[in-house]
Amino acid sequence: MNLYDVIRKPIITEASMQAMDQKKYTFEVDSRAHKLLIKQAVEAVFEGVKVASINTVSVKPKGKRVGRYAGFKPGYKKAIVTLTEDSKNIDVFGEDAE
């Protein structure tokens, strides 16, 4: 598995935006990825970043209905990455910070 394939996308919610002030970033990751692989991927993709800890959550599929048709939204794996104090911030939105 390539390190660039481990991190799929950032999860942008109100709670995750508030956690960014404490250097905690939330990502959707590959369901087969373990904590060490996620740490290596974050440090390789984002330059100048050191990972302090990682918490992972497997989000279960959620049932949905549209009229009489029922189905499930797909489940995924979520990683909450905490950076060290001397680490640079991750630019989630791709803006140039100057």
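The values are calculated or read from the model by the stated rules, or taken from the named source; none is laboratory data. None of the values given here were measured: they were computed from a predicted structure. Every residue, glycine as well, gets a Cβ built from its backbone with ideal geometry; the counts of neighbours run over all protein chains shown. To get the accessible areas, we keep the full protein, side chains included, count just its heavy atoms, and leave off ligands, DNA and RNA. Shrake-Rupley method; radii C 1.70, N 1.55, O 1.52, S 1.80 Å.
Do you know which of the residues in the stretch 1-27 that are part of a strand (DSSP E or B) and open to solvent by 80 Å² or more (accessible area, probe 1.4 Å) is nearest to LYS88 (Cα to Cα)? If you could, list the steps in order and put the result at the bottom.
The first filter runs over the stretch 1-27 and keeps only residues part of a strand (DSSP E or B), leaving 7-10, 24-27.
Still in the running and open to solvent by 80 Å² or more (accessible area, probe 1.4 Å): 8-9.
Details: ARG8: 21, LYS9: 19 Å.
Top of the filtered list is LYS9.
Tell me which strands (runs of 3 or more DSSP E) are completely within the stretch 28-89 and hold 2 or more residues being closer than 23 Å to ASN2 by Cα and in contact (Cβ under 8 Å) with a residue 12 or more places away in the chain, or say none if there are none. I'd like the intermediate steps shown before the answer.
Numbers: elements: 51-59, 62-66, 69-73, 76-83.
Result: 51-59, 76-83.
Inspect the stretch 40-52 for any residue being in contact with a Ser or Thr (Cβ under 6 Å, 6 or more places away or on another chain), surrounded by 12 or more Cβ atoms within 10 Å (Cβ to Cβ), among the small types (Gly, Ala, Ser) and closer than 17 Å to GLN22 by Cβ and give the result as yes or no. Spell out the reasoning first.
If we filter the stretch 40-52 for residues that are in contact with a Ser or Thr (Cβ under 6 Å, 6 or more places away or on another chain), which is where we start, we get 49-50, 52.
Then drop every residue that is not surrounded by 12 or more Cβ atoms within 10 Å (Cβ to Cβ), which leaves 49-50, 52.
Restricting the remaining residues to those that are among the small types (Gly, Ala, Ser) gives 52.
When the remaining residues are screened for being closer than 17 Å to GLN22 by Cβ, the result is 52.
Yes, there is a match, as at least one residue in the stretch 40-52 is in contact with a Ser or Thr (Cβ under 6 Å, 6 or more places away or on another chain), surrounded by 12 or more Cβ atoms within 10 Å (Cβ to Cβ), among the small types (Gly, Ala, Ser) and closer than 17 Å to GLN22 by Cβ.
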**Q.** Filtered residues of the stretch 62-87 (kept if closer than 17 Å to PHE27 by Cα and open to solvent by 80 Å² or more (accessible area, probe 1.4 Å))
**A.** PRO74
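Within the stretch 32-74, which residues are basic (Lys, Arg) and within 23 Å of GLY94 (Cβ to Cβ)? It would help to see each step written out before you state the result.
We begin by selecting, within the stretch 32-74, every residue basic (Lys, Arg); these are 32, 35, 39, 50, 60, 62, 64-65, 68, 73.
If the condition is that a residue be basic (Lys, Arg) and within 23 Å of GLY94 (Cβ to Cβ), then LYS39, LYS50 are the ones that fit.
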Q) Going by the conditions given, is VAL51 within 13 Å of the chain's Cα centre (by Cα) and at pLDDT below 95? A) no
